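Enquirer: Here's a structure for you.
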Amino acid sequence: MTGRQKLFYFITLHRTGLWVTALSLALLLLPLVENNPYTLGLTNLIAIYAIVVLGLNLFIGYAGQISLGHAAFFGLGAYGSAIATVDFALNPWLAMLVVAVLVALVALLVGIPVLRLSGHYLAMATLGLNFVVHSILLQWDEVTGGPSGFSGIPSLAIGDFVFYDEIRLHYLLWTVTLLALLLCLNLVRSGVGRGLAALAGDETAAAALGVNTRTAKIKVFVLSAVLASVAGSLFAHTYNFVSPDSFGIFVSADLVIMVVIGGMGSIWGSLFGAGLMTLLPEWMDLFETYKDLVHGGILVLVLMFLPQGLVTGLIDMAKTRLALRRQKNAAT
């Protein structure tokens, strides 16, 4: 085996680790290249949304289910941490952990009956969950602050080191996002991940092969809810303020669009989808006026022409063209 072949084999064998390393280095150097607080604020928001989308992609892309209510878990995490730290004076890190456990219990209690459904029935059930949670956040003024929101949330800190500015938050948020990314990458390559892939392909066939489909769906639903809760807690402690509008049904729809654009079943695509949908308003002056129309148009176009998702679809197209070119060269 030549040196070039050895290098190619090494890259092929460790490409996931190399990509994660490259992304980590890029994120490490980003504040040195671009220290504009506004730009870093956008990338920090991308990191928060990416955590939610990674978990949601496990549920939609790998388990083959649909959820239009993940903003509910996102909101429970945010408001849970806010209430625990302000009203009960809990340490923010402890509050994040406690709230994540409580959200996991909520997801388990909801998932056991709801995940008996499938298709649009499941979508409507999760949408109903989001509507109920959003209504509670909006109307329970004494606890949540109602339409005015909840303010005075403390920033995260390690000892005397407080994560209060955009640069410090950049390193914190993207560290958590990279940990979530590694968790999801390892999960989908494990036996559990292969079982989920079989479940997404054909639930009946997966059950015949010994996959406990009901348990698998509940587990991935709970995991995705926990990731959404952690992202919500980070959101609350990053912006020190939360309001019900940040966790409504349209936010759930945006999260699904992020999954679809990045590619259902594409972990790396989750980062791209979160980034594109977060940055799109910055690129389009009229986006806020026609937000729902633009979102719907993007979703329809992607599903029509690249049903695998934008990232996955483009990669598949590139692989197909490369294979055809090699075939043509071999024939000549």
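Coordinate-derived values only; no laboratory data. Keep in mind that this is a model prediction, so the values were computed, not measured. Here Cβ is always computed from backbone atoms with ideal geometry, including for glycine, and neighbour counts include all displayed protein chains.
Enquirer: For residue 21 and residue 164, what is the calculated FRET efficiency with R₀ set at 51 Å and r taken between the beta-carbons, to the nearest 0.05?
Expert: 0.95
Enquirer: Could you pull the Cα extents of segment 1-153 along its three principal axes, largest to smallest, in whole Å?
Expert: 69, 43, 26
Enquirer: If the chain between residue 323 and residue 157 were fully stretched, how many nm would it gain, using 0.36 nm times the residue separation less the Cα-Cα distance?
Expert: That pair, residue 323 and residue 157, stretches by 54.6 nm at full extension.
Enquirer: Another one. Less than 11 Å Cβ to Cβ from residue 37, Lys/Arg counted +1 and Asp/Glu -1: what total charge do the surrounding residues give?
Expert: Working: positive: none; negative: 34, 165, 166.
Overall, the nearby charge balance is -3.
Enquirer: Provide 160, 165 in ascending order of the number of other Cβ atoms located within 10 Å of each residue's Cβ, fewest first. Write down the numbers at each step before the final one.
Expert: On the way: 160 5, 165 11.
Lowest count first: 160, 165.
Enquirer: Return 170, 70 ranked ascending by Cβ neighbour count within 10 Å, so the fewest neighbours appear first. Don't skip to the end; give the middle numbers.
Expert: Numbers: 170 21, 70 30.
Sorted ascending by nearby Cβ count, the order is 170, 70.
Enquirer: Among 170, 47, 105, whose Cα sits farthest toward the positive end of the charge dipole of segment 35-251 (+1 at Cβ of Lys/Arg, -1 at Cβ of Asp/Glu, about the Cα centre)?
Expert: 105
Enquirer: State the percent of C-alpha pairs, over all pairs in the chain, separated by a distance greater than 27 angstrom. Write down the numbers at each step before the final one.
Expert: Values: 26100 of 54946 pairs.
For the chain, the share of Cα pairs beyond 27 Å comes to 48 percent.
Enquirer: Also, I was wondering about something else. In what sequence do 150, 250, 74 fall when counting other Cβ within 10 Å, fewest first?
Expert: Ranked by crowding around the Cβ, least crowded first: 250, 150, 74.
Enquirer: Now, a different point. For the chain, what are the DSSP H helices with axial Cα length of 27 Å or more and mean Kyte-Doolittle hydropathy of at least -0.5?
Expert: Membrane-span-like by this criterion, though nothing is claimed about a membrane: 37-57, 92-114, 119-139, 166-188, 213-239, 310-331.
Enquirer: Could you please state, rounded to a whole Å, how far the C-alpha centre of segment 14-68 is from the C-alpha centre of segment 134-200?
Expert: 12 Å
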